[in-house]
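Asks: This structure is in structure tokens; I'll ask about it shortly.
Read-outs throughout are calculated quantities, based only on the coordinates presented, and are distinct from any laboratory measurement. As the structure is a computational prediction, the values presented were derived from the model and not from experiment. All Cβ positions, even for glycine, are placed from backbone atoms using ideal geometry, and neighbour counts span all protein chains on display.
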Amino acid sequence: MKAAVVAHSKFTVSEIDPRLYGSFIEHLGRAVYTGIYEPGHATADEAGFRGDVIDLVKELQVPVVRYPGGNFVSAYNWEDGVGPREERPVRLDLAWHTSESNQVGLHEFADWCDKVGTELMMAVNLGSRGLDDARNLLEYTNHPGGSAWSDKRRANGREAPFDVKLWCLGNEMDGPWQIGHKTADEYGRLAHETAKAMRAFDSSLELVVCGSSNAHMPTYPQWEATVLDHTYNEVDYISLHMYFENRAKDTAHYLARSLELDNYIATIAGVISYTKAKKRSAKDVYISFDEWNVWYHSKERDKAILEGGEGWPEAPPLLEDDYNFEDVLQVGCILNTFINRADVVKIACLAQLVNVIAPIMTEPGGAAWRQTIFYPYYFASVFGRGTALKLMVDSPTYEAKDVGAVPYLDVSAVHDAASGHVTFFLVNRHLTEALDLDVSLLEFGAASVVDDQVIAHSDLQITNTADAPDAVKPVKGEEAVVSEGRLTASIAPLSYRMIRLKV
Ligand code: AHR
């Protein structure tokens, strides 16, 4: 089976915003406690942060991390997490039916971000709270001093402002499960007024308004049209979320779902354009896809806690999906979709980063390891910086229910002109047949393969565990070659591949 691709240095989608490879840490399950923070752990630093986790996060070169939620933020009082630790209250978290000790809050998390070299993307509570708390938090976080809230921050040990630039105006406010759920009009008005107040403090902030929680919400996509109608001129991004599952164990259909993602992005890009025209506005709004991942493996397990059957446990295991090899392919296709839509999707956050539906897992008091999905995320984040190329792709297809024709070859490519590299990210969705790949590298001049990484396995269900952390990992591909301006390679059935060229 053959697939042909044409890549041309002048045919591009867009410069990629590095924040396309962001992630997310919520006060949920063991993401914070025994995830990033575990005083007493053998690798913990003086502040209690796990060094083994810091190393793995650094390896991923995560450019931005959204915090502190998620559903958690919609009933969170940020003041509970600042000031002397012994005075911080324990609160009941209604979103996940757990207890929150508040031993980690804004100061600790911002310090952790500095340690791992990432930007903090902060969400404000527009569920149980509103404009007033958002403006107080902003003053506490970003004002140098000489006002009530900024002086409190200084008294709490942080002289210089945190200078957080990127702010989410609530979380999934379209979801009936959200504490303080609102209609699109109620939320749109509140988000507009909150954005206006935040901009009055600092007009250079980047603000993200809530779009839909998924493309199956009954209010989608009217939600986006209404919310943007209220907020268009005050915000920079509209957020979208999507999670993927394969409960039916139908690999071909599962791997087709990135086309739904593509359609979701295209639809909201259309709503943005419509609103821009309606407002006669000169400014652009982009998509912040600030929650995405595979999420289904842990759902049965979590029911007891989420339904309150275990009381109010502190940092229990929740949403601990054990990712398998099949999920590598799905995550590869999702990342390709974001790269191919880099003109409208500027920020995307893999939800989440540690323990909770995460590429990094830990055992309390024990090891930290890379889940299977760590690898496609790693390759995209580290080697996917530059300009997304507009590829012409000719691939055989298969039919998937509710999706239509699905190309067997899923591919994106990024040109880093500064370093002189072109990197291809490829997934072969075919269950049994290899794809003979033929890429025409017009205009790139002399090129050679400098890296070729393959992730493949005969068992789709295999996972990486503390005892077998390397069951799934990339191996060096060997037969990709460039000759006379053509890259050729055989892409194995159900495999992920990264091929990096020096051009
Ligand atoms: O990431 C897990 C949860 O999924 C988040 O808290 C919420 O925003 C979404 O529904």
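Asks: Within a 10 angstrom radius of the beta carbon, how do V382, V482, V294, V73 rank from fewest other beta carbons to most?
Replies: Fewest to most other Cβ atoms nearby, the residues stand as V382, V482, V294, V73.
Asks: Something else: When only DSSP loop residues count, what chymotrypsin sites (Phe, Trp or Tyr not before Pro) in segment 1-66 have their Cβ near at most 15 other Cβ atoms within 10 Å? Walk me through the numbers before you get to the answer.
Replies: On the way: sites: F11, Y21, F24, Y33, Y37, F49; in loops: F11.
When the chymotrypsin sites (Phe, Trp or Tyr not before Pro) of segment 1-66 are filtered for loop state and at most 15 Cβ neighbours within 10 Å, F11 remain.
Asks: Hey, another quick one. Once both axes come from the Cα atoms, what is the angle between helix 222-231 and the longest principal axis of the chain, in degrees from 0 to 90, rounded to 10?
Replies: The angle comes out near 60 degrees.
Asks: If amide hydrogens are placed 1.01 Å from N in the peptide plane, which non-local residues have theirs closer than 5 Å to the one on C210?
Replies: Amide H neighbours of C210: L169, S239.
Asks: Calculate for the chain the 222 nm mean residue ellipticity that helices alone would give, adding -39,500 (n - 2.57) per DSSP H run of length 4 or more and normalising by residue count, nearest 500 deg cm²/dmol. Could the numbers behind the result be given before it?
Replies: Working: 10 runs with 131 residues, N = 503.
Value at 222 nm, helices only: -8500 deg cm²/dmol.
Asks: Counting other C-beta atoms within 10 Å, which of K276, K249, K346 has the fewest, and how do the rest follow?
Replies: Values: K276 17, K249 10, K346 24.
Lowest count first: K249, K276, K346.
Asks: Over segment 220-285, calculate the relative contact order: mean separation of alpha carbon pairs under 8 Å at least 6 apart, over the residue count, as a percent.
Replies: 54 percent
Asks: Could you give the radius of gyration (one decimal) and Dmax (whole number) of the Cα atoms in segment 422-485, in Å?
Replies: Expressed in Å, the Cα Rg and Dmax of segment 422-485 come to 15.3, 48.
Asks: Checking the a/c ratio against 1.5 first, then a/b against b/c, what shape does the Cα gyration tensor give for segment 227-375?
Replies: It comes out prolate by the Cα gyration axes.
Asks: For the chain, find the longest principal axis of its Cα atoms and tell me its angle to the long axis of helix 325-340, 0 to 90°, nearest 10.
Replies: The angle comes out near 80 degrees.
Asks: Just to confirm a number: summing +1 for Lys and Arg and -1 for Asp and Glu over residues other than V285 whose beta-carbon lies under 9 angstrom from that of V285, what do you get?
Replies: Summing Lys and Arg as +1 and Asp and Glu as -1 gives 0.
Asks: For the chain, what proportion of DSSP beta bridges, expressed in % and rounded to the nearest 5, is antiparallel?
Replies: If I count the DSSP bridges inside the chain, around 55 percent turn out antiparallel.
Asks: Now, a different point. Give me the one-decimal Kirkwood hydrodynamic radius in Å for the chain, with the sum taken over alpha-carbon pairs.
Replies: 23.4 Å
Asks: Where a ≥ b ≥ c are the square roots of the eigenvalues of the C-alpha gyration tensor, would you call segment 16-73 rounded, which needs a/c under 1.5, or, failing that, prolate if a/b is larger than b/c, or oblate? List each step's numbers first, then the result.
Replies: On the way: a/c = 3.13, a/b = 1.33, b/c = 2.36.
Since a/c reaches 1.5 but b/c is at least a/b, the shape of segment 16-73 is classed as oblate.
Asks: Averaging sequence separations of C-alpha pairs under 8 Å and six or more residues apart, then dividing by the length of segment 17-383, give the relative contact order as a whole percent. Walk me through the numbers before you get to the answer.
Replies: Details: 738 pairs, mean separation 83.8, N = 367.
Reported as a whole number, the value is 23 percent.
Asks: Starting with the fewest neighbours, write out W149, W223, W177, W369 ranked by other beta-carbon atoms found within 10 Å of each beta-carbon.
Replies: Working: W149 16, W223 24, W177 10, W369 20.
So the ranking, lowest neighbour count to highest, is W177, W149, W369, W223.
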